[in-house]
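Report on the structure given below.
The values are calculated or read from the model by the stated rules, or taken from the named source; none is laboratory data. Just so it is clear, the model here is predicted, and its values are computed rather than measured. We place every Cβ from the backbone using ideal geometry, glycine too, and count neighbours over all the protein chains shown.
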Amino acid sequence: MEFMEKRNLPKSIVVDIVNLMNLRTRVTSWEDDEEVHIDIWGEDLGILIGKGGTTLQALQDLVTVIARKKGHVDRRITIDVERYKERKRQRLREYAERMAEKAASTGRPVKLEPMSARERKIVHDALKEISGVESFSEGEEPHRRVIIRPANTE
C-alpha cells in the first residue's frame, strides 16, 4: 500500500460505509500530530449519531480497527457528524459552569448524572478554569459521576 493510500485510508473507509448506507454525504478529513479527524456532512444523518452518540462512537471504533489492521494507522481516529461532538462538548462545558455556580452559591456539593470517561474529562477540564470549586469522580462504571464542590471543603 502506498503512503498516500495509508494516509487516506480512514476517510475512504468512512466513505465506503456511508455509501453502503445510501447516505448523501460529504466527508472531509485533516490530520494533526495526534489524530486523524474525519468530518461527515449531509442531511438526516441522525442514524450515524445514534442515541447519545453511541452509533457515532461505534463507527469511530470500527473505522479505527479496520484502518489499523489494513493500513498500520498509528494515530487516534476521531469522527464527527455535523459538529455533533463539538456541540456536545460545548453543552457539557456550559452545564459544568452552571453546576459550579450552584455549588459555589449554595456551599454544597453538586452530583452530576453518570457520564462516560470522555464526558467526565470535558467537565473536569472546564471546572479547572473556575476558581472556588473543585471536582472529582466517584462510583463505578457505568454509573461513575462527577461531583462538584466548593473548594477546600470536605
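Structure data summary
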{"quantity": "Residue, surrounded by the most Cβ atoms within 10 Å (Cβ to Cβ), within the stretch 51-65, restricted to residues that are in contact with a helix residue (DSSP H, G or I) (Cβ under 9 Å, 6 or more places away or on another chain) and of a type in the set (Val, Ile, Thr)", "calculated": "63"}
{"quantity": "Residue identified as touching a strand residue (DSSP E or B) at 6+ places or on another chain (Cβ under 9 Å) and at pLDDT below 95 among 103, 96, 151", "calculated": "151"}
{"quantity": "Selection status of residue 149, without any contact (Cβ under 8 Å) to a residue 40 or more places away in the chain and basic (Lys, Arg)", "calculated": "no"}
{"quantity": "Given (1) modelled with pLDDT of 95 or more; (2) surrounded by 13 or more Cβ atoms within 10 Å (Cβ to Cβ); (3) not polar (S, T, N, Q), number of the condition residue 91 does not satisfy", "calculated": "(2)"}
